[in-house]
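Enquirer: Sharing a structure here in structure tokens format.
The values are calculated or read from the model by the stated rules, or taken from the named source; none is laboratory data. A quick note: this is a predicted structure, and the numbers were derived from the prediction, not measured. No Cβ is skipped: glycine too gets one built from the backbone with ideal geometry, and neighbour counts run over all protein chains shown. Accessible surface areas use protein heavy atoms only, side chains included; no ligands, DNA or RNA. Shrake-Rupley method; radii C 1.70, N 1.55, O 1.52, S 1.80 Å.
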Amino acid sequence: MNKNRQKYLESSEYVDFLDSNVAQLAQKLQENCSSDEEIAKKCFLYVRDEIHHSGDYKDDITTYKASDVLKHKAGWCYAKSILLAALLRANKIPTAFCYQRLSCSEYVKDVYCLHGLNAVYLKKHGWYRIDARGNKESVNAEFDPPVEKLAFELQDNEFDLEELYIEPHPQVIEALTKYTSYSEMIENFPDIPCGS
């Protein structure tokens, strides 16, 4: 494997796929799959559909480690991307963290924040972005490589961060570890202003 992609397979404090529950789920999701694409899709669908998006459900718990996201079956987009990275990396599929800067008007007016998603390296397609945020009436994210079907289309003053991160962005971790309730999080979403 390319050395540059090897770092996107690592376990860490947050991407803790060596945790027995995360490891068991990763093993279960790859059963009967014949390609990295099939495994990636099953992991994506699990996190998208089986883990509550804390904003949609107003969950009063903030998770930030893959094992905790799985245990509580809840997380903000950032936390869901951490669990998805753990499941994919456990299955030897290079997975990065990536972000968009979007309007957070759904929660707070005139505020922008980071939105967390993943990029996965598929043998047939290269890097491919996926968004396991969770679907609802106004959101329809899918796994359909090579076509990206993310949760949100960029609007005015919104943009993609170009970097593929090995670990969750430091501002994301700071927010997830500092603000533990729904009401705290919606007032303190992580953000990177234009030009930063």
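Enquirer: For segment 53-60, check the following and say yes or no: at least one residue is in contact with a strand residue (DSSP E or B) (Cβ under 6 Å, 6 or more places away or on another chain) and either of a type in the set (Val, Ile, Thr) or assigned to a loop (DSSP other than H, G, I, E, B) (or both).
Expert: Yes: segment 53-60 contains one or more residues that are in contact with a strand residue (DSSP E or B) (Cβ under 6 Å, 6 or more places away or on another chain) and either of a type in the set (Val, Ile, Thr) or assigned to a loop (DSSP other than H, G, I, E, B) (or both).
Enquirer: Let me ask something else about it. Give segment 145-168 a look and list any residue that's in contact (Cβ under 8 Å) with a residue 24 or more places away in the chain, under 21 Å from Ser105 (Cα atoms) and acidic (Asp, Glu), or say none. It would help to see each step written out before you state the result.
Expert: To start, the set of residues in segment 145-168 that are in contact (Cβ under 8 Å) with a residue 24 or more places away in the chain comprises 145, 150-152, 154-155, 157-161, 163-168.
Within this subset, residues satisfying the condition of being under 21 Å from Ser105 (Cα atoms) are 150-152, 154-155, 157-161.
Of everything in segment 145-168, those that are in contact (Cβ under 8 Å) with a residue 24 or more places away in the chain, under 21 Å from Ser105 (Cα atoms) and acidic (Asp, Glu) turn out to be Glu158, Asp160.
Enquirer: Related question: Can you tell me which residue among Lys58, Lys65, Lys73 is open to solvent by 10 Å² or more (accessible area, probe 1.4 Å) and within 15 Å of Pro168 (Cα to Cα)? Give the steps one after another, and end with the answer.
Expert: Numbers: Lys58 fails: within 15 Å of Pro168 (Cα to Cα); Lys73 fails: within 15 Å of Pro168 (Cα to Cα).
Selected residue: Lys65, the only one of Lys58, Lys65, Lys73 that is open to solvent by 10 Å² or more (accessible area, probe 1.4 Å) and within 15 Å of Pro168 (Cα to Cα).
Enquirer: Another question about this same structure. Got a sec? Which of Asp156, Asp144 is more than 22 Å from Val15 (Cα to Cα), surrounded by fewer than 18 Cβ atoms within 10 Å (Cβ to Cβ) and either under 14 Å from the mean Cα position of the chain (by Cα) or modelled with pLDDT of 95 or more (or both)? Give the derivation first.
Expert: Details: Asp156 fails: either under 14 Å from the mean Cα position of the chain (by Cα) or modelled with pLDDT of 95 or more (or both).
Selected residue: Asp144, the only one of Asp156, Asp144 that is more than 22 Å from Val15 (Cα to Cα), surrounded by fewer than 18 Cβ atoms within 10 Å (Cβ to Cβ) and either under 14 Å from the mean Cα position of the chain (by Cα) or modelled with pLDDT of 95 or more (or both).
Enquirer: May I pose another question? Closer than 15 Å to Phe152 by Cα, assigned to a helix (DSSP H, G or I) and either open to solvent by 10 Å² or more (accessible area, probe 1.4 Å) or not basic (Lys, Arg) (or both), is that true of Arg48? Let's see the steps before the verdict.
Expert: Values: closer than 15 Å to Phe152 by Cα: yes; assigned to a helix (DSSP H, G or I): yes; either open to solvent by 10 Å² or more (accessible area, probe 1.4 Å) or not basic (Lys, Arg) (or both): yes.
Taking the combined requirement at face value, the residue satisfies it.
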